[in-house]
Amino acid sequence: MPAETYHGTAILLVMRQTVFFILLAFVLSGSDVKYDGARVHYESYGRGRDAIIFIHGWTCDLTFWRGQAPVYEKHRALLIDLPGHGRSDKSDVAYTQERFARAIEAVMRKDGVERAILVGHSMGGPVALTFMRLFPEKAKALVLVDAYVPEAPKDEAALAQQKKQMGAFLERWRKPTYKESASEMIDSMFSDKTPSAMREEIRGKMLATPQHVMASAFEGMLALEPLKPGETYGLPTMVVMAEKTPERSGYEAHLRTIFPNLIKYEGWQGSGHFLMLESPERFNRALEEFLAAVK
């Protein structure tokens, strides 16, 4: 090979590698959007007007979905740090479910996404429900990952008792010992199959959440407006629940009254709350099967 050709080829390879690493750095660093004066951090993958949107849980962040890289790296997808979480701003505001849902919609508008396949873990489920209430035309499908959709209290007495219990529970997050209470709650979310290193990483990330965010987000989650009689959503839905104990009696039936197009319901015996981290391959297979059915 002539020297000129060799050097030209080498330069071209270097240029290609440089472009690759620049693009890789861009993806890893993510993007930001302003919502209500605060910065919301997110990562964007692929192109298209429909996207899978991964919504993390209470005091978590978008890195809790890293086990789903084989899915989001080959689809149009958005991973979002909800306001107050991860690399998003942590302003001293009320962290309601509506704030989270509207921040997701702001990310969608900036990134040119018109419809979302909402994948919500834990608190991400109520956030997804709030999003569907606010922007029904922008929700294409729903995946609930160990997320609880509450039933409305049966009567006024039950409602009063529920509010009393919530008030006592919320006081735990306002005390100086809030981290001890949070740590106990987090430990109860693990299963026997949760590796010790994973436990420490999860605990460390969740406990790093500022107290005002932790308390307000929990309060906002409990303040979710109860489902109204006859409130239903016909979009395709999948539910994966961690069943550390025998399956919740009647929960699937409860969900089917809200989501009549519930395509798949799975209860994973022995799994912990973070099942997408504990069993990423199994979760990814189930998610890919659902995505194929939705398309």
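The values are calculated or read from the model by the stated rules, or taken from the named source; none is laboratory data. Note that this is a predicted model, so its numbers are computed, not measured. Note that we place each Cβ from the backbone using ideal geometry, even for glycine, and neighbour counts take in every protein chain shown. Areas reflect the complete protein model, heavy atoms only, side chains present, ligands, DNA and RNA absent. Shrake-Rupley method; radii C 1.70, N 1.55, O 1.52, S 1.80 Å.
Within segment 90-121, track down each residue that is over 19 Å from residue 134 (Cβ atoms) and crowded, with 24+ Cβ neighbours inside 10 Å.
Hit for segment 90-121 is 121, nothing else.
Go through segment 173-185 residue by residue and tally those that are over 18 Å from residue 200 (Cβ atoms) and open to solvent by 70 Å² or more (accessible area, probe 1.4 Å).
Going through segment 173-185 one residue at a time, the tally reaches 3.
Within segment 274-295, count every residue that is among the small types (Gly, Ala, Ser) and either on the phi > 0 side of the Ramachandran plot or open to solvent by 30 Å² or more (accessible area, probe 1.4 Å) (or both).
Summing the residues that are among the small types (Gly, Ala, Ser) and either on the phi > 0 side of the Ramachandran plot or open to solvent by 30 Å² or more (accessible area, probe 1.4 Å) (or both) in segment 274-295 gives 2.
Is it the case that some residue within segment 131-138 is modelled with pLDDT of 95 or more and open to solvent by less than 20 Å² (accessible area, probe 1.4 Å)?
Yes, there is a match, as at least one residue in segment 131-138 is modelled with pLDDT of 95 or more and open to solvent by less than 20 Å² (accessible area, probe 1.4 Å).
Residues checked against (1) among the hydrophobic types (A, V, I, L, M, F, W, C); (2) surrounded by 24 or more Cβ atoms within 10 Å (Cβ to Cβ):
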{"residue": "32", "(1), (2)": "no, no"}
{"residue": "39", "(1), (2)": "no, no"}
{"residue": "47", "(1), (2)": "no, no"}
{"residue": "54", "(1), (2)": "yes, yes"}
{"residue": "60", "(1), (2)": "yes, no"}
{"residue": "69", "(1), (2)": "yes, no"}
{"residue": "75", "(1), (2)": "no, no"}
{"residue": "88", "(1), (2)": "no, no"}
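Report, by residue number, each residue of segment 21-67 that is among the aliphatic types (A, V, I, L, M), outside any strand (DSSP E or B) and at pLDDT 95 or above.
As a first pass, look at segment 21-67 and keep what is among the aliphatic types (A, V, I, L, M): 22-25, 27-28, 33, 38, 40, 51-53, 55, 62.
Narrowing further to those that are outside any strand (DSSP E or B): 22-25, 27-28, 62.
Passing the criteria: only 62.
Might you check whether a residue that is under 23 Å from residue 280 (Cα atoms) and surrounded by 14 or more Cβ atoms within 10 Å (Cβ to Cβ) occurs anywhere in segment 148-171?
Yes.
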